[in-house]
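Asker: Before anything else, here's the structure in question.
The values are calculated or read from the model by the stated rules, or taken from the named source; none is laboratory data. These numbers were taken from a predicted model, which means no experiment stands behind them. Don't worry about glycine lacking a Cβ; one is built from the backbone with ideal geometry, like all the others, and counts go over all protein chains shown. Just so you know, the surface numbers come from the protein's heavy atoms only, side chains and all, with ligands and any DNA or RNA stripped out. Shrake-Rupley method; radii C 1.70, N 1.55, O 1.52, S 1.80 Å.
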Amino acid sequence: MSFSTLALIPLLPLLAAAVIPLMKSGKQAAGVAIGALLGSCGIAIWAFYKTWILKIVFPPFSQNWLTIGGTEINFGFILDPLTSAMAAMVTFVGSLIFIYSAGYMAKDKRMARFFCYLSLFASGMLGVVLANSLILFFMCWEIVGVASYLLISFWNHKPQAAAAGKKAFIVTRIGDMGFLIGILLVFKSTGTLDFYTTENNGMLQILPIGTAFGFKITAVISFLLFVGAIGKSGQLPLHVWLPDAMEGPTPVSALIHAATMVAAGVFLVARTHPIFQDGGMLPLVAWVGAITALVAAFIALGQYDLKRILAYSTVSQLGLMMVGIGVAGVSVGMFHLLTHAFFKALLFLGAGSIIHGCHEEQDIRKMGGLAKPMPLTTIAYLCGTLALVAFPFTSGFFSKDEILAGAWANNQPVFWIAALASLMTAVYMTRQCMYVFPGVHRGNNEPHESQGIMTIPLLILSIFALGLGALVRNSLLETLPGFPAKHETIVITVSIAVALGGIALGVLIYRGRALGQAIDPLALKPFEQKFWFDELYEATVGRLWTLFIIFSEQLNALLVFIRDLTVELTSRIGTGFAIGGDRKLIDSLAFDGLCNRIRCASRSATRVQNGFLPGYLRLIALGAVLLGALVLWTS
Amino acid sequence: MNWELIKDILLATVPLLVIFPTMFALTTWVERKALARIQNRIGPNKVGVPMSRYGGKLSLFGLGQPAADGIKMLFKENIVPTGADRLFHLLAPILSLIPAMLVLCFLPLNFPWLTDEQNSVKAFMLDGAVIFFFAITGLNTLAVFMAGWASRNKYSLLGGMRAIAQMVSYEIPLVLSAVVVVMTVGSLNAGEIAKSQDGWNWFVFSPWGLAAFIIFFIASLAETNRSPFDLPEAESEIIAGYFTEYSGFKFALFFLGEYIAMFAISGLAVTLFLGAGDGPGAEAYPSLKVIWFLAKICVLIGIMIWLRGTLPRLRVDQLMSFAWKFLMPLSILNIFITGFAWHAENNNEEYGFTIKAIIWTASLLILYLTAKGLDKVNRANIKPRTYQYGE
Amino acid sequence: MTVTLHHYLILASVLFCIGLLGALSRRNAIVVLFSVEIMLNAANLNFIAFWRFGNNPELLHGPLFTLFTIAVAAAEVALGLALVIAVYRHFRSVDLESLNTLKEE
Amino acid sequence: MNEVTAFWILAAIAVIGALFAIRKRNLVHGVFSLLVFFAGLAGLFLLLLAEFIAVVQILVYAGAVGILILFAIMLTDRVTGKDAFRVTSRGSFWGTIIAASVFLVLLLPTIQEIPQVDNPSNSEEIVKQSTVKALGKKLIHPYVITLEILALLLTAALIGAVTAAQGGHPAKKKISIE
């Protein structure tokens, strides 16, 4: 496994992205993109085999990239169990999604462009996974950001899609700001940006000592890195972009919101776990994750958009991953990340298939009765649902169990929050399934099953969604660093109870209802307080806003009154003065004079912006003079 | 003061100043005579050496014609059009002559009285002589523009612009075909290029060299505004192009500059492709080298005169598309072929003659077929001319 | 007296400032463009002078950099003139004073 | 006749050429002054023993750039400034002041700090090292990527220039010879 072979993993999709613009048809483009990613997938699986089965330890690859003065900046790739597992997952799920997209986007005129963006995205994500240097990591992270922007706003003729892309880009940028400052701080305190090197052990082994802003420096760094992770992974304050991003094509949702981009934040925390540990920031990670998980689960209960429910579910699950990393180390968080990637990709692709089958209908109130016309999709979707709600012995069950066990051992409040979130997960997923599959169809068009190129990936993924957890649990927990806790009886009990209980609750609530007929059946039913939380969450902000508006209106009225009063008074006084005969004084001096003076002043202020090109040039030159003088003066 | 250097320079340059203007004078006569014979006329045959005041002279086939022309030019009135830019009008012919004279210094003429055996004189042994040659030749366009613009005459300006477009276009195949030789020799030094061809190793004897020589020769015809590429001075369209408004001595300077440029570029062709001073007996008697060099130039000039008498003038669009769509692709291809051939020959020396034969056949074939193909492609859109009011 | 690095540096700064003067004070966009060329060439002179009087002439940094600068400058002139011509097409003028659409109105 | 005299002559040519170039009312005269400046600079390069650069300077600037600018001038108006026409832009006085102060800022450090060179190479050594061959080898070995990027840049600039100068779509009208 040489450096160049490893570099092929991200380079193949990049090459594909470069070549695709030359393609004539979307079919060719899809072929190239899928071929490239399958190639990467092959290499990644080979790497996975070497690191996991043969347990070979590869030295990190690092190469000088540029030298500025005495400062050397390296870039390189690393191959360790974490990386290879992640790379194998990304390429495998990605390949399935690519294949699925070939069917999903077949009628789109801009299919080639779509595959170009997809390949670019995959290449960026694989770069993130394989990077051995924080700066390369960041660059690929930004490529991911750009590609996600392009993909989310792919249907940019829809204003919402364009806005969603913009929103995703801007919100993640806020997180990236923190990330960038964190990188600079790392570089300042360690002098290296490599995660691992063979000689001086790299950034993660030599944890910086010192303080910054009055805190321990590792704490500051890890906080800043975590800000980046919050932005990318849609954690609580910055989660708003993720549901909106559902405006993109469904395969994009599957790729971005299940397997890859949102996992990047979690991966960042996993990768720099030693810093977090040293800085004592893991409890913060766990708390942010837990609160996100709960809040997102509640929000998901009140949604009617098929994909939006899944989006909130993703936010919630990402919170659980953060909890896992926070309470029980990399292995547990990554375990959930891997299993989640499969079953969430499955769910999204299933949702895409459903939407496709229902003629681009996304509202679950207008679905229903889809089990009969779409048997394959239904089976696959139910498999994904079972895994997501952590039905015993599906893959989600194993990974969530580890998280709960770790939380029970380290942080009991977080445990209870996570358990509640899991319960809600089960409820909303059951609600969704009840809406979609049984009963009669409420939509206008006749639903139909999707074509083979879309259903086959679904079936493959559902096998993984069900079986992966049991398969990899032991080797994963052994190989990756982490401290999985012992499974107390109460943990297992709670875990099974929330899953089964949630499903039971959902079935009980929704069975036999005239779904979709009532305007808002949820608000009327006895379990409304669950949704009351959700409504409250929006109502508080809304109320506050209304209050603010009322206050502003009052203030406005007051101001209007004062203005009227002033005008009245002024006119009285003015008339008095005018009648008094000094109109000349007031007009020419106080009023016109003032106006003229203001006009003069603003004219001189606009002189710098006068469209006079030589003037601009002169200003630039003047700037150069001043800079030169400054340098002369200071040296 | 470095008297040695100055002596060297004088020894090298004075002969140039003697030989080439003399050749110019003779060439004008030869050209007129040859063209006349081609067109079934007699040509200048009257002017000779007068024997007495009252008639009777030695006509010598009109050999006195150049001298008579020169004297006429010298004493003609110098006319500057009203509204012309007087300074530029004066400078233009001078500027057109200077580069042409300057580049003559870089020809490896090997005068026997110079000690240095590689080049004419050490001061002109520039490392990048070939590039310098092209750089200086490029300045000619400026003189042409200057003349055309300064005359304040539509035809002049039109001719000047035509000339610039033509020169700039044809400079590309010119340089690209010279690159072939530079690549093979591995030097830009004219002396070294000359030396590497000694003993009949002329570049024109290899397929790519032959192709490059032909391209070079065609492009040099265009560079010096010779027929069939004499559009800038096409008298039937734009009177006399950029020197419409020139007369007398200034016109003579232009004329001289044009012919010197012809000699210079032929000299470069001889240096690059025709073995410079190499020839029968040159090994034994090095002083023969100058003779051979000049003789080869004369042959090339002869061909140019012959072509002028034979070929009709091109149209502007034909001229341009010939440069860009035919000569340029072919010369680029030729560079690649040279590279491959050089590589193959140097790496397979043990096969000797066989590999050489294969490469030569292959490159000849490729070049020939490409030329054919390009020709066909370029002619694809040309249809028989139709006349609206004719027939 | 010999010619030192200083001579070249001062000459280069004189040339640079002549170019700057042209760029700052002329109206015609083409003149401004070739003033910029004068400035670039002054910088090139500095490169070569530093190379000639510097420590490591065998590295050939000066000539190489100048070579690249010349090539880039050629590209720049081509593009710049193309833009000037495009501007001329649009405004029928290359007078920088009349090209004031950048003005805030 | 030695190096110093040559330097002063060439410097004078360059400075006068540059001054005329930016001062001439007539643009064509200005361009030819600019060419004089380029030629003077090429001479200075020769004096600095950078022979190849001097050749390239003449080839690119005098040969190509000059012609290009001339073409641009011929394609736009105002070739010759009428006498009544103002050639300097508004407030060019301030431009002069700024240029002068830039000169001061450039001059001050040059006068103050004399850069010390450990062992300046003699001219033979430099001539031996700066052959065209050495330059060519440098271009092939460490700078080949730069060279290729440059080639790409030039291609892009060429295409860009053509596109920009063409102004939108080329005319669809086909000219037939009748």
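Asker: Over the C-alpha atoms of the protein assembly as shown, what are the Rg and the largest Cα-to-Cα span, Dmax, in Å?
Answerer: Over the protein assembly as shown's Cα set, Rg and Dmax evaluate to 41.1, 143 Å.
Asker: Compute the projected area of the convex hull of the Cα atoms of segment A:300-458, averaged over all viewing directions, and report it in nm² to one decimal place.
Answerer: Values: hull surface 34.7 nm².
Its Cα hull, projected and averaged over all orientations, spans 8.7 nm².
Asker: Working from the alpha-carbon coordinates of segment A:137-239, get Rg over Rh, Rh being the Kirkwood radius.
Answerer: Ratio of gyration radius to Kirkwood radius: 1.10.
Asker: Tell me the chymotrypsin sites (Phe, Trp or Tyr not before Pro) within segment B:185-234 that lie in a loop according to DSSP and have at most 12 other beta-carbon atoms within 10 Å.
Answerer: Sparse-neighbourhood loop chymotrypsin sites (Phe, Trp or Tyr not before Pro): B:Trp200.
Asker: Further question on the same structure: Per residue, how big is the convex hull of segment B:11-70 when only Cα atoms are used? Give it in Å³.
Answerer: Spread over its residues, the Cα hull of segment B:11-70 gives 96 Å³ apiece.
Asker: Skip the ligands, DNA and RNA, and give the accessible area per residue of the protein assembly as shown with a 1.4 Å probe, whole Å².
Answerer: 46 Å²
Asker: Another question, then. Past 26 Å, Cα to Cα: identify those pairs from B:Lys289/D:Lys138; A:Lys232/A:Lys307; B:Lys154/B:Lys325, in the order given. Before the final figure, lay out each step's value.
Answerer: Working: B:Lys289/D:Lys138 36 Å; A:Lys232/A:Lys307 19 Å; B:Lys154/B:Lys325 30 Å.
Pairs exceeding 26 Å: B:Lys289/D:Lys138; B:Lys154/B:Lys325.
Asker: With all protein chains present, how much of the accessible area of chain B (probe radius 1.4 Å) comes from carbon and sulfur, to the nearest whole percent? Show your work: numbers first, answer last.
Answerer: Working: 13110 of 19320 Å².
For chain B, the apolar C and S fraction of the accessible surface comes to 68 percent.
Asker: Across all directions of projection, what mean area in square nanometres is found for the Cα convex hull of segment B:120-275?
Answerer: Values: hull surface 38.4 nm².
Averaged projected area of segment B:120-275's Cα convex hull equals 9.6 nm².
Asker: In chain A, how does Rg compare with the Kirkwood Rh, expressed as the Rg/Rh ratio over alpha carbon atoms?
Answerer: Using Cα coordinates only, the ratio equals 1.08.
Asker: Kindly sort B:His89, A:His359 by accessible area of their heavy atoms, largest first, with the probe set to 1.4 Å.
Answerer: From most exposed to least exposed: A:His359, B:His89.
Asker: Pop out the Kirkwood hydrodynamic radius of segment B:262-391 from its pairwise C-alpha distances, inverse of mean 1/r, in Å to one decimal.
Answerer: Taking the inverse mean of 1/r over all distinct Cα pairs, segment B:262-391 comes out at 18.7 Å.
Asker: Once D and C are treated as a pair rather than alone, how much accessible area drops out, both sides summed, in Å² to 100, probe 1.4 Å?
Answerer: Buried surface at the D/C interface: approximately 7000 Å².
Asker: Plugging the Kirkwood radius over Cα pairs into Stokes-Einstein for segment C:5-95, at a temperature of 10 °C and a viscosity of 1.306 mPa s, what D comes out in µm²/s?
Answerer: In µm²/s, the coefficient rounds to 110.
Asker: While we're on this one: Rg and Dmax in Å for segment D:1-83, alpha carbons only: what are they?
Answerer: Over segment D:1-83's Cα set, Rg and Dmax evaluate to 14.2, 45 Å.
Asker: Same structure, new question: Measure of size requested: the Rg and Dmax of chain B, with Cα atoms as the atom set and Å as the unit; please supply both.
Answerer: Here Rg and the maximum Cα pair distance are 22.7, 78 Å.
Asker: Sorted from largest down, give the three principal axis spans of the alpha carbons of segment A:36-96, whole angstrom values.
Answerer: 45, 26, 15
Asker: When the gyration tensor of segment A:61-195 is built from Cα positions, what are the square roots of 5 times its three eigenvalues, in whole Å, from largest to smallest? Spell out each step's value before the answer.
Answerer: Values: eigenvalues 199, 74, 26 Å².
That gives 32, 19, 12 Å for the three semi-axes.
Asker: Using a 1.4 angstrom probe on the protein heavy atoms only, line up C:Ile18, B:Ile19 by accessible area, largest first.
Answerer: B:Ile19, C:Ile18
Asker: In the Gaussian network model of chain B, springs joining C-alpha atoms below 10 Å, which of B:Ser196, B:Ser52, B:Ser151 carries the largest mean-square fluctuation?
Answerer: So, out of B:Ser196, B:Ser52, B:Ser151, the one fluctuating most is B:Ser52.
Asker: In the protein assembly as shown, if the dipole is taken from +1 on Lys/Arg beta carbons and -1 on Asp/Glu beta carbons about the Cα centre, which of A:Phe187, B:Leu268, B:Ser187 is farthest to the positive end?
Answerer: B:Leu268
Asker: Tell me: how much accessible area in total is hidden between D and B, 1.4 Å probe, Å², nearest 100?
Answerer: Using a 1.4 Å probe, the pair buries roughly 2200 Å².
Asker: What's the Kirkwood radius of segment A:270-351 in Å, using all Cα pairs? Mind showing how you got there, number by number?
Answerer: Working: mean 1/r = 0.0763 Å⁻¹.
Evaluated on segment A:270-351, it is 13.1 Å.
Asker: Now for a separate question. Work out, in µm²/s and without decimals, the Stokes-Einstein translational diffusion coefficient of segment B:226-321 at 25 °C, 0.890 mPa s, Rh from Kirkwood over C-alpha pairs.
Answerer: Answer from the Stokes-Einstein relation: 158 µm²/s.
Asker: Something else now. Ignoring ligands, DNA and RNA, what percent of the 1.4 Å accessible area of chain A is carbon and sulfur?
Answerer: 69 percent
Asker: Which whole number gives the average, over all residues in B:138-150, of C-beta atoms from other chains lying within 10 Å of the residue C-beta?
Answerer: Per residue, the average neighbour count from other chains is 4.
Asker: Going through the DSSP H helices of chain A, which span 30 Å or more along their own axis at the Cα atoms while scoring at least -0.5 as a mean Kyte-Doolittle hydropathy?
Answerer: Passing helices, by number: A:26-48, A:81-104, A:159-190, A:306-328, A:330-357, A:412-436, A:452-479, A:489-510, A:528-580, A:613-634.
Asker: Using alpha carbon coordinates only, what is the Rg to Rh ratio of segment A:174-320, with Rh defined as the Kirkwood radius?
Answerer: Rg/Rh: 1.04.
Asker: Could you please state how large a percent of the accessible area of segment C:5-95 is carbon and sulfur, counting protein chains only and using a 1.4 Å probe?
Answerer: Values: 1960 of 2700 Å².
Heavy-atom surface of segment C:5-95 belonging to carbon and sulfur, 1.4 Å probe: 73 percent.
Asker: Mind grabbing the base-10 log of I(q)/I(0) for segment B:69-207 at q = 0.09, 0.19, 0.21 Å⁻¹? Debye formula, identical points on the C-alpha positions, no solvent, two decimal places.
Answerer: So the normalised log intensities work out to -0.41, -1.09, -1.21.
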